[in-house]
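Data block below; observations after.
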């Protein structure tokens, strides 16, 4: 009878304490914890390269600019780097090459080509890195 009273007396408090102890134990002994006695092999994130050809060059124009421009070359080749999972399924319409002609004043000039890519992707090489731009008079 004494043993039964020891177990059943404040049973809800004892069960609550047991559940809290289990939760604390699980929190400190998760399998992905750096302190886990079982080590998992670490997967290295490999950076790969990808070359995309024929990306058209667009223009960043000032508001109200109705002039027509001639761009040579009309497209560029871009070498990208990043994780394989990002580059493998990267659509080419998410890569934008453009010329900033907001400050363009002369009739003809060479301007550096700028490229926007999604987060996690880096531009390594732009070929060519400059484009010839001139005002087009029809």
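The values are calculated or read from the model by the stated rules, or taken from the named source; none is laboratory data. Given the structure is predicted, the values throughout are model-derived calculations rather than measurements. So basically every Cβ, Gly included, is an ideal-geometry build from the backbone, and we count neighbours across all protein chains shown.
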**OP:** For the stretch 54-83, name all the residues that are at positive phi and assigned to a loop (DSSP other than H, G, I, E, B).
**Re:** 64
**OP:** Answer yes or no as to whether residue 101 is within 18 Å of residue 47 (Cβ to Cβ) and touching a strand residue (DSSP E or B) at 6+ places or on another chain (Cβ under 9 Å).
**Re:** no
**OP:** Restricting attention to strands (runs of 3 or more DSSP E) lying wholly within the stretch 88-132, give those where 2 or more residues are within 15 Å of the chain's Cα centre (by Cα) and at pLDDT 85 or above.
**Re:** 114-116, 121-127
Subject >> Matching entry among 46, 58, 33, 39 (being modelled with pLDDT under 70 and within 30 Å of residue 127 (Cβ to Cβ)) >> reply: 46
Subject >> Inter-residue pairs, beta-carbon under 8 Å, first on the phi > 0 side of the Ramachandran plot and not assigned by TED's automatic domain parsing to the domain that holds residue 7 and in the stretch 17-39, second at pLDDT 85 or above and not in a loop (DSSP other than H, G, I, E, B), 6+ apart >> reply: none
